[in-house]
Amino acid sequence: ISFCIRLSMREKTSNDIYKDVSDDLVLEYVNYAISKGLKIIVKFHVGGAAGGGSANIQPTNTSLWIKSLRDIVLSYCDLLGDKIDIVCLSNECTYQTNQCYDDWKNYNDRVKAKNPKYITTTACTDVEMATTVLYDIVDILGGGTPKTTNTDYWNGEIPFFTPKDANGIYTLSTE
């Protein structure tokens, strides 16, 4: 299950980011999901001033902004520890991440070093794109072929994907 943890800025030009929800609430939801046997993905979403989206984010010092984000994400990594399976470090603010790529890379490296078992995704800049093997992040539990007698299930826009289709780095077509 994916948890999108909302973070905020006081103003659209702020260089600091703060948490919108309490650590206790995050822990409560994560522990509940774990009790149901779910794997945990966390993604952090920074909203601009007055709840605005990523287009509303214009920090005056991007390097400080990234460091503020890094510190909060690392605090969540400390809080959640081994309860996290995947940490999504993607960022819709590619202007900021491209402008200070070294700071962004340091942020990514620090999170990865926090817990070597974390799978991190970093599809956020024009320079870097992480590739993850599907079997590293999901468990394929089973499935079945839809009834061949129901023509509504066949020749549509959504292809069927089965384990035998996952035979390389990319799956470009399915049977």
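The values are calculated or read from the model by the stated rules, or taken from the named source; none is laboratory data. Keep in mind it's a predicted model, so treat the numbers as computed, not measured. Positions of Cβ are generated from backbone atoms using ideal geometry, with glycine treated the same way; all protein chains shown enter the neighbour counts. Only protein heavy atoms, including side chains, enter the accessible area calculation; ligands, DNA and RNA are left aside. Shrake-Rupley method; radii C 1.70, N 1.55, O 1.52, S 1.80 Å.
Quick one: order Phe44, Phe160, Phe3 from most to least accessible surface, probe 1.4 Å.
Values: Phe44 15, Phe160 80, Phe3 40 Å².
Correct descending sequence by accessible area is Phe160, Phe3, Phe44.
What residues have an amide H closer than 5 Å to that of Phe3, excluding those fewer than 5 places away on the same chain, when H is modeled at 1.01 Å from N in the peptide plane?
For Phe3, whose amide H was placed from the backbone, the distant partners under 5 Å are Ile41, Val42, Lys43.
Using 25 Å as the Cα-Cα cut-off, could you pick out the over-long pairs in Lys43/Lys67; Lys12/Lys43; Lys12/Lys112?
Exceeds cut-off: Lys12/Lys112.
Please report, as a whole percent, how much of the solvent-accessible surface of region 1-41 comes from carbon and sulfur atoms (probe radius 1.4 Å).
In region 1-41, the share of accessible area belonging to carbon and sulfur is 53 percent.
Taking H placed 1.01 Å from N in the peptide plane, check which residues at least 5 places from Val46 or on another chain put their amide H under 5 Å from its amide H.
Result for Val46 returns Leu7.
Within a Cβ distance under 12 Å of Lys19, other residues only, what is the Lys/Arg minus Asp/Glu net charge?
So the surrounding residues net to -4.
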